[in-house]
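Working notes, beginning with the structure itself.
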Amino acid sequence: MTATLVSRLARGSQAGTTRLSSRMTQGMAVLAGSAVLAASAQIAVPAIPVPVTMQSLAVLALGMVLGSRLATAAVLLYLAEGASGLPVFANFSGSLAHFVGPTGGYLVSFVPAAWLAGRLAQGGWGHGLLRPFLAYALGHGVILAMGAAYLATFVGVFQALALGVVPFIAGSLVKSMLGAAIGRAVSPFMKG
């Protein structure tokens, strides 16, 4: 099993590390992951006619870096923050209404997507360029499929595909390449 960033940090700490400091490291990683997601929701790529945020890239990168368990916890914390009204969603918004609106499926899909990316990374898919690219692409597929399935309850299947999948395919592929390239660039610095 491939080590995640948090397990490497815990291993690299001084002798006599307690269980509490390991849990504190994990807790800080979850908090930081939630903050990264909140920030990524505010970053939009304006060159594409349909606004594309960096949330999906951040969700999947958390999985690749933190592993399935901690990435899932970070995403759940982020969703709870938004549901409680904190302005962490796109356009500095937040409320429970986002989960019952047309984009609710995309938000909910972040949980299994982060878990999947984390499991793939822990299974060795975090090395090289091709396997990480495929891990990111599979994660984007989960996000688009679940998001479109829920969107279809509002606009029908064909409109959901036309509005909620097709415009995002190119961006998802670019973000998958970007995630894999960044991972490869920083991996020499994360060797433990």
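The values are calculated or read from the model by the stated rules, or taken from the named source; none is laboratory data. Since the model is a prediction, treat every value here as computed from it, not as a measurement. Note that we place each Cβ from the backbone using ideal geometry, even for glycine, and neighbour counts take in every protein chain shown.
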Residues satisfying the stated conditions in segment 133-160, i.e. over 15 Å from the mean Cα position of the chain (by Cα) and either surrounded by 23 or more Cβ atoms within 10 Å (Cβ to Cβ) or not hydrophobic (A, V, I, L, M, F, W, C) (or both)
Ala148, Tyr150, Leu151, Thr153, Gly156, Gln159
Of all the residues that make up segment 71-83, how many are surrounded by fewer than 24 Cβ atoms within 10 Å (Cβ to Cβ) and either in contact with a Gly (Cβ under 6 Å, 6 or more places away or on another chain) or more than 19 Å from Tyr106 (Cβ to Cβ) (or both)?
1
What number goes with the only condition from (1) touching a Phe, Trp or Tyr at 6+ places or on another chain (Cβ under 8 Å); (2) in contact (Cβ under 8 Å) with a residue 40 or more places away in the chain that Phe92 does not pass?
(1)
Among the candidates Ala41, Ala35, Ala117, Ala97, residue that is under 18 Å from Ile143 (Cβ atoms) and out of contact with any Leu (no Cβ under 9 Å at 6 or more places or on another chain)
Ala41
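If you scan segment 13-60, which residues turn out to be assigned to a helix (DSSP H, G or I), modelled with pLDDT under 85 and polar (S, T, N, Q)?
If the condition is that a residue be assigned to a helix (DSSP H, G or I), modelled with pLDDT under 85 and polar (S, T, N, Q), then Ser21 is the only one that fits.
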